[in-house]
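Written below as structure tokens is the structure these notes are about.
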Amino acid sequence: MFNEKDNVLPLYEEIVNALKPEGWTYEILLIDDGSTDGTGEQLKKIRQADPRVRVYSFRKRLGKSQALDYGFRRAQGRFVVTLDGDLQDDPKEIKTLWGCMHETGADVVSGWKKNRVDPPSKIISSRLFNFAVRVATGIDLHDFNCGLKLYRRTVIREIALYGELHRFIPALAAWEGYRVTETAVRHRPRKFGRSKFGLMRFFGGVVDILTIMFLLRYQGKPSHLFSGLGIILAAVGILINSDLLLRKLTGGTIAPHYPYMALGVTALVVGVQFIFFGLLAEMMLYLMRPRHTGARLRQEDPEESGSDAKPS
């Protein structure tokens, strides 16, 4: 939560009312991302009244990724649900997410705000962003950035979040080999507070997409990117310099072709640097790799098997 003072108590009450009829055991982690409007004081009152509530308040605003990562490291349940603090996510949909996970066997169930209630500018930018992420990652989801998601605990143990990577959690989970799906959830208009969405976030999304493309395609094999580009540049440089050398050997002159020669030399030098940079990255990755580890295996949690499994 960031500056959601008027939403704190209604959200808490809705969460409790949604979970109580199911008979689930649960905890509620409330993360205050450096609010300055009194949100922290409201959270403390809830914590004092309910021992199932834990509150963590940052001294300054760190962002949604850091808040989620902090909560993930401290969550104790076998299943973890995330919601935004603006009351636009309906806690009653937690049961919908659980039903989808139980039916499909997925490890991550992402909410899909199919009928989104937001200003047109936000809806259009969100659709453009989701389309770009689908193309970049190959993950066929309608809504990557929906705050309402359900995870098995094993998933959040393996995902490290920083920057704006919270937008790509389904893609990161799929890359780790987990089963990801989505289901339509109800979306509500904002009653209190104001949206934190802005144009800078939209433009920042372009950089984030480039980041996730690099992570998904070249994590674990950086030389495929750097050395690959280096080989192409070095080949161009060799061809240009070979052409100039041939001209010189056949009695020609290279004086009129100095820009051409400069291009060839530059391409060759930069290409060689890229190749060595890729090899150096591979060496660092090799030295930092975990020792004596086998391939990731799909492990079934005995507590999660069976048709009568209940989240806690």
Inset, instruction - Kindly list, by first and then second residue, each pair from a residue in the stretch 164-179 that is more than 19 Å from Met101 (Cα to Cα) and crowded, with 20+ Cβ neighbours inside 10 Å to a residue that is among the aliphatic types (A, V, I, L, M) and at pLDDT 90 or above, limited to pairs with Cβ atoms under 9 Å and residues at least 6 apart or on different chains. - result: His166/Ala67; His166/Leu68
Inset, instruction - List the number of the failed condition for Arg157; all other conditions in (1) in a helix (DSSP H, G or I); (2) out of contact with any Asp or Glu (no Cβ under 8 Å at 6 or more places or on another chain); (3) closer than 26 Å to Pro189 by Cα hold. - result: (3)
Inset, instruction - Take the stretch 27-58 and flag every residue that is among the hydroxyl-bearing types (Ser, Thr, Tyr) and in a strand (DSSP E or B). - result: Tyr56, Ser57
Legend entry - Breaking point among (1) of a type in the set (Asp, Glu); (2) surrounded by fewer than 17 Cβ atoms within 10 Å (Cβ to Cβ); (3) in contact with an Asp or Glu (Cβ under 8 Å, 6 or more places away or on another chain), for Asp140: (3)
Legend entry - Enumeration of residues in the stretch 78-107 that are surrounded by fewer than 16 Cβ atoms within 10 Å (Cβ to Cβ) and of a type in the set (Gly, Ala, Ser): Gly99, Gly105
Inset, instruction - Return the pairs, sorted by first residue and then second, in which the second residue is outside any helix (DSSP H, G or I) and hydrophobic (A, V, I, L, M, F, W, C), the first residue lies in the stretch 75-97 and is at positive phi and assigned by TED's automatic domain parsing to the domain that holds Val53, the beta carbons are less than 9 Å apart, and the residues are 6+ apart or on different chains. - result: Leu87/Phe192
Inset, instruction - Using the structure shown, decide if Leu62 is surrounded by fewer than 18 Cβ atoms within 10 Å (Cβ to Cβ), of a type outside the set (D, E, K, R) and touching an Asp or Glu at 6+ places or on another chain (Cβ under 8 Å). - result: yes
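The values are calculated or read from the model by the stated rules, or taken from the named source; none is laboratory data. Remember, it's a predicted structure, so these values are computed and weren't measured experimentally. Cβ coordinates were reconstructed from backbone atoms using ideal geometry, including for glycine residues, and neighbour counts include every protein chain displayed.
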